[in-house]
1. Can you tell me which residue within segment 19-41, out of those that are modelled with pLDDT under 90 and outside any strand (DSSP E or B), is surrounded by the most Cβ atoms within 10 Å (Cβ to Cβ)?
2. What are the residues in segment 227-239 that are surrounded by 17 or more Cβ atoms within 10 Å (Cβ to Cβ) and out of contact with any Gly (no Cβ under 8 Å at 6 or more places or on another chain), if any?
3. Kindly list, by first and then second residue, each pair from a residue in segment 192-214 that is on the phi > 0 side of the Ramachandran plot to a residue that is part of a helix (DSSP H, G or I), limited to pairs with Cβ atoms under 9 Å and residues at least 6 apart or on different chains.
4. So, Ala207, is that one surrounded by 15 or more Cβ atoms within 10 Å (Cβ to Cβ) and within 16 Å of Val143 (Cβ to Cβ) or not?
5. Looking only at residues in segment 240-260 that are over 12 Å from Gly209 (Cβ atoms) and touching a residue at least 12 places away in the same chain (Cβ under 8 Å), which one is surrounded by the fewest Cβ atoms within 10 Å (Cβ to Cβ)?
6. What number of residues within segment 100-141 are among the polar types (S, T, N, Q), in a strand (DSSP E or B) and over 14 Å from the mean Cα position of the chain (by Cα)?
7. On the given criteria, is His144 touching a helix residue (DSSP H, G or I) at 6+ places or on another chain (Cβ under 9 Å), part of a helix (DSSP H, G or I) and either buried (at least 19 other Cβ atoms within 10 Å of the Cβ) or β-branched (Val, Ile, Thr) (or both)?
8. Mind checking which helices (runs of 4 or more DSSP H) fall wholly inside segment 176-278 and carry at least 2 residues that are closer than 28 Å to Thr125 by Cβ and at pLDDT 95 or above?
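The values are calculated or read from the model by the stated rules, or taken from the named source; none is laboratory data. Since the model is a prediction, treat every value here as computed from it, not as a measurement. Quick reminder, even Gly has a Cβ in these numbers, built from the backbone with ideal geometry, and neighbours come from all protein chains shown.
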Amino acid sequence: MTPPEPDAERIGNRYRLEERIGAGAMGAVWRGTDELLNRPVAIKELIAAAASVSGHGPDAAEESRQRLLREGRIGARLQHAHVISMFDVVVHDDRPWLVMEYLPSRSLAAVLNEKGPLSPQEAATIGRQVADGLSAAHAAGVVHRDIKPGNILLAEDGRAKISDFGVSRAVDDVQLTRTGMIAGTPAFLAPEVARGQEPTSASDVFALGATLYAAVEGEPPFGLDDNAYALLHKVATGQIRPPQQAGALTALLMRLLSNEPTERPTAAQARDALTAIA
């Protein structure tokens, strides 16, 4: 491991920032080192989380911080082969930072952008792993709320892991915010969430189906629209376009994407069905 740089920024007097490896609407992700345990980590800087509460006074800011810490503790309960582990939540310079497992990988979104749609078998192989991680999370009482290609990491050896567990809930990544603005894309939301209901494990299963649909079809089941409100309205109707390229995945996708949450399989049932297809 490279010797520590004396001028490198440290978070919480323990985590050394080394290289920014990703950025998005919610902030930046850094590759770093846990200097106490001498291991690589991923460190997420939640820029938007701090900014979003700045206009709501100190009480709202403290509420947001406590909520993030609570979600961090929930995320720390999930030790699973197909979930990126959360190690720590650090408040540094009055902003929350999340310290997570570092997995050299690319997101499914990046792979799809580069290579185009996957075969049904390839999608099922990834989906089986994601469903396995979701099943463990749901058993622990945790709903992810933001399953989408950008939150599925693919390692070189074929492992798939879900990232940002608990984070989306903490920072309202795909929810309507207090000001009524949509933060994040609604393209993978379940219809009941688009209609304003609380996300459940069944909503995660729908999002898994929407992700696999996008993997084989090239775009999400409700299409894409630069107008987020128009897309949200389309999602709320629950009327998807039947997949054309899904092959052996077709029947399962239609079950995962059922408009009625009770008609969808559980994550464990989805895992078993995807295993048979893969």
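1. Taking segment 19-41 and keeping what is modelled with pLDDT under 90, we get 21-29.
Narrowing the set further to residues that are outside any strand (DSSP E or B) leaves 25-26.
Details: Ala25: 10, Met26: 21.
Filtering segment 19-41 for residues that are modelled with pLDDT under 90 and outside any strand (DSSP E or B), the one surrounded by the most Cβ atoms within 10 Å (Cβ to Cβ) comes out as Met26.
2. Leu232, Val235, Ala236, Gly238
3. Gly196/Ala236
4. On the way: surrounded by 15 or more Cβ atoms within 10 Å (Cβ to Cβ): yes; within 16 Å of Val143 (Cβ to Cβ): yes.
In short, yes.
5. First, pick out the residues of segment 240-260 that are over 12 Å from Gly209 (Cβ atoms): 241-242, 244-245, 247-248, 260.
Going one step further and asking which of them are touching a residue at least 12 places away in the same chain (Cβ under 8 Å), we end up with 241-242, 244-245, 247-248.
On the way: Arg241: 12, Pro242: 12, Gln244: 10, Gln245: 16, Gly247: 14, Ala248: 13.
The residue in question is Gln244.
6. In the first step, residues of segment 100-141 are kept if they are among the polar types (S, T, N, Q); the result is 105, 107, 113, 119, 121, 125, 129, 135.
Imposing the further condition that a residue be in a strand (DSSP E or B) reduces the set to 105, 107.
When the remaining residues are screened for being over 14 Å from the mean Cα position of the chain (by Cα), the result is 105.
Residues in segment 100-141 being among the polar types (S, T, N, Q), in a strand (DSSP E or B) and over 14 Å from the mean Cα position of the chain (by Cα): 1 in total.
7. Details: touching a helix residue (DSSP H, G or I) at 6+ places or on another chain (Cβ under 9 Å): yes; part of a helix (DSSP H, G or I): no; either buried (at least 19 other Cβ atoms within 10 Å of the Cβ) or β-branched (Val, Ile, Thr) (or both): yes.
In short, no.
8. On the way: elements: 191-194, 201-217, 228-237, 250-256, 267-277.
Those helices (runs of 4 or more DSSP H) span 201-217, 250-256, 267-277.
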